[in-house]
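A quick write-up on the structure given underneath.
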Amino acid sequence: MTDRRLSAREAIAALTDDFTELPTPRREYAPDGPLAWQGYDSARARAAERTGEEESVVWGRAAIGTAQAVLISFEFGFLGGSLGERTGDRLEAAHTYARAHRLPVVSVVATGGSRMQEGMRALTQLQRVARESALTSGAGLPRVAVLRDPTTGGGWATLGAGADITLALPATQIGFAGSRVRPPDADPAAYTADSQVTAGSVDAVVHPDDLRDTLSLWLSLLTSPSPEPAPPPHALRGPRPHAATLPATGWEAVERARSPHRPRAEAYLDAYFTRRAPLSGDRAGGTDPGMLCGFGEHEGRTVAYAAQCGTPTRPAGYRTATRLIRLADRLGIPVLTLVDTPGAANDADAEREGAGPAIAALFTAVATARTPVTTLLIGEGGSGGALALAAPDRTWATPDSYFSVIAPELAAAILKRPENNVRSTADQLRVRPQDLVELGVVRGITDTYG
């Protein structure tokens, strides 16, 4: 695949060598469409002659890597890839086939939005697409979108932004408002693929040369769930490992968890998974680099993961983890969470960004997940901002970790104790891993790799 605008079939050929186009049930349409728009049939005929297509989408069954999928590809050269009633017929047929054959749906989108010549009948196709997408999701089937230039209007707001995983090609124009309807003073940088990644609406920008492999990886991971709960990872030793003994005091546990030499989430994920694909963004305007989410291969099967990186977790981080757990739950994929945060971010921006509701939603997602969630406490476990990511009854701890109702320094301050009482307060809080086992907060303490 190159950076130039490809036809629908060229885009398909760039992703697979095994594609079978499938038919859409035909029905009669009024001359010049539902509005009797003069010249509409002639415009369609010219578009068909120019592109060789009968409509703005081509769909069929494809092999992408090792996975079978329903593949939908937009033809932008056909009336700007716009959505009309015939487009809706094809999209509905594609989703119906996917559900009947238990296949994921991949949509390669390039569209300017709804078709003007069909008026509100065209716009209502968005409701139709939304319903079909919801039925496919409800059937436990993944939906992946690949965004080409441009992806605007209802196509972006349904097939693109509504997908489980959304990938974009570089320099793609993405936005609900197309270039001809935006305010004249609108910042064009806000409508780019990179901007949408930053805003948490797109998971990644993928170079065209890497797209086939990336899509193959995603489909493989999303369709190969592990049948067993994720086993907790072994504890990792850092470059300055402690002895095999557990911390003698509460304050020692805190210091070991805060050590810059202790292994962090990236090291655990690298050791646990043979390969993984990151999911990014909360789909509500934000990202948090301190929360790593995605799907990975462990012992040949897929496990989802959400991992804190030792920083105060932002509201976007909690929302991204919630998105991950809900998707994994729908697809029947077990989840591994790694807890490591001094606590939730508590600055004014975090409050304005909805810290409380974001944490509440994550607590609910973990508590109600039907798929098993396994947690390993790998460092700091600061208050509710850490507990929100922890699985009830399936949480383990490493020897270099602690969990506390609040940081010992803050506990001492709340209790109006002098600073020199912080260490004794840590002991009273019983934050050591072995204390957590005795209290029934964690199931056990993981061993270390050799």
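The values are calculated or read from the model by the stated rules, or taken from the named source; none is laboratory data. This one's a predicted model, so the numbers in the text were calculated from it and none came from an experiment. Methodologically, a virtual Cβ is constructed for each residue, glycine included, from the backbone with ideal geometry; neighbour enumeration extends over all protein chains shown.
Within region 393-405, does at least one residue satisfy the condition of being modelled with pLDDT of 95 or more, assigned by TED's automatic domain parsing to the domain that holds ARG319 and aliphatic (A, V, I, L, M)? Scanning region 393-405, I find at least one residue that is modelled with pLDDT of 95 or more, assigned by TED's automatic domain parsing to the domain that holds ARG319 and aliphatic (A, V, I, L, M), so the answer is yes.
Of note, ALA45 does not satisfy the criterion of being assigned to a strand (DSSP E or B), assigned by TED's automatic domain parsing to the domain that holds GLY88 and small (Gly, Ala, Ser).
For region 307-419, please list each of the helices (runs of 4 or more DSSP H) lying entirely inside it that holds at least 2 residues being in contact with a helix residue (DSSP H, G or I) (Cβ under 8 Å, 6 or more places away or on another chain). Fully inside region 307-419 and qualifying: 315-331, 355-368, 383-387, 408-414. State yes or no: is LEU246 of a type outside the set (S, T, N, Q) and either free of Cβ contacts under 8 Å to residues at least 40 places away in the same chain or in a helix (DSSP H, G or I) (or both)? Against the criterion (of a type outside the set (S, T, N, Q) and either free of Cβ contacts under 8 Å to residues at least 40 places away in the same chain or in a helix (DSSP H, G or I) (or both)), LEU246 does not qualify.
Determine, yes or no, whether GLU53 is part of a loop (DSSP other than H, G, I, E, B) and under 19 Å from SER107 (Cβ atoms).
Values: part of a loop (DSSP other than H, G, I, E, B): yes; under 19 Å from SER107 (Cβ atoms): yes.
It is true that GLU53 is part of a loop (DSSP other than H, G, I, E, B) and under 19 Å from SER107 (Cβ atoms).
Being among the basic types (Lys, Arg), modelled with pLDDT of 95 or more and not in a helix (DSSP H, G or I) holds for only one residue in ARG86, ARG90, ARG61, and it is ARG61. Quick one: how many residues across region 284-310 are closer than 20 Å to PRO225 by Cβ and among the β-branched types (Val, Ile, Thr)? Of the residues in that region, 2 qualify. Tell me, please, whether a residue that is part of a strand (DSSP E or B), in the same structural domain as SER137 (by TED's automatic domain parsing) and at pLDDT 95 or above can be found in region 30-37. Checked against the condition, which is being part of a strand (DSSP E or B), in the same structural domain as SER137 (by TED's automatic domain parsing) and at pLDDT 95 or above, region 30-37 yields no hits at all. Under the condition of being touching a residue at least 24 places away in the same chain (Cβ under 8 Å), hydrophobic (A, V, I, L, M, F, W, C) and either assigned to a helix (DSSP H, G or I) or within 22 Å of ALA8 (Cα to Cα) (or both), the residues counted in region 133-152 number 5. The lone criterion from (1) out of contact with any Asp or Glu (no Cβ under 6 Å at 6 or more places or on another chain); (2) in contact (Cβ under 8 Å) with a residue 24 or more places away in the chain; (3) of a type in the set (A, V, I, L, M); (4) outside any loop (DSSP other than H, G, I, E, B) left unmet by VAL431 is number (4).
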